[in-house]
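Structure, as structure tokens:
The values are calculated or read from the model by the stated rules, or taken from the named source; none is laboratory data. Given the structure is predicted, the values throughout are model-derived calculations rather than measurements. We place every Cβ from the backbone using ideal geometry, glycine too, and count neighbours over all the protein chains shown.
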Amino acid sequence: MTEKRAPADEEPGTSDQAPAGPETEPAAPAVDADPDDLFQQSEIAADYIEGLLDVLDMDGDIDELISSNRPTVEVVGGRLDALVGQRGATLEALQELARLAVYRQTGEPSRLMLDIGGYRAARRNELAGVARSAVERVREQRRPVKLDPMSAFERKCVHDVINATDGVESESQGEEPNRRIVVRPA
């Protein structure tokens, strides 16, 4: 059920460096993180998720890889929507549980990224559109635009697009779960 892959090329929007918490990412490890340690983390998390799928009597193929210098586990298959939940809420919770499983075995916090059914990739594309739309509105109206509250993953995706765009800047404001991005002229 588990397929191991070599390290992947860097993907945008997957290197959040906020403090650890239910909707945030653990602090980033050193740039030269040991690929063997990262892959061990993905293996531990994949075993945890595989056990969960067995308990739930759900089918899914599990891929372990390293992407953007972080361990990544991808679950693919049909009928996995229940594991994603509304706006990825269940996925976020499962990611935290998988990180806890890694921590319990290694004693080290993990920046593990979990994706189920391609949700994160699809959501990343949607959020790029939201960011581009916000940039257009800021340029037209010449005033700040507040976006809807988002998870840490979603905010990171939007910040990445905004930071790559001239003439605008973004910042996160508020407290979880109502933390949102404000886009303004630079």
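For the structure I just gave you, tell me whether residue 98 is within 21 Å of residue 37 (Cα to Cα), modelled with pLDDT of 95 or more and either surrounded by 22 or more Cβ atoms within 10 Å (Cβ to Cβ) or among the β-branched types (Val, Ile, Thr) (or both). Explain how you work it out, then say what you get.
Details: within 21 Å of residue 37 (Cα to Cα): yes; modelled with pLDDT of 95 or more: yes; either surrounded by 22 or more Cβ atoms within 10 Å (Cβ to Cβ) or among the β-branched types (Val, Ile, Thr) (or both): yes.
Criteria met by residue 98.
Among the numbered criteria (1) touching a Ser or Thr at 6+ places or on another chain (Cβ under 9 Å); (2) assigned by TED's automatic domain parsing to the domain that holds residue 55, which one does residue 95 miss? Evaluating residue 95 over (1) touching a Ser or Thr at 6+ places or on another chain (Cβ under 9 Å); (2) assigned by TED's automatic domain parsing to the domain that holds residue 55 leaves (1) as the failure.
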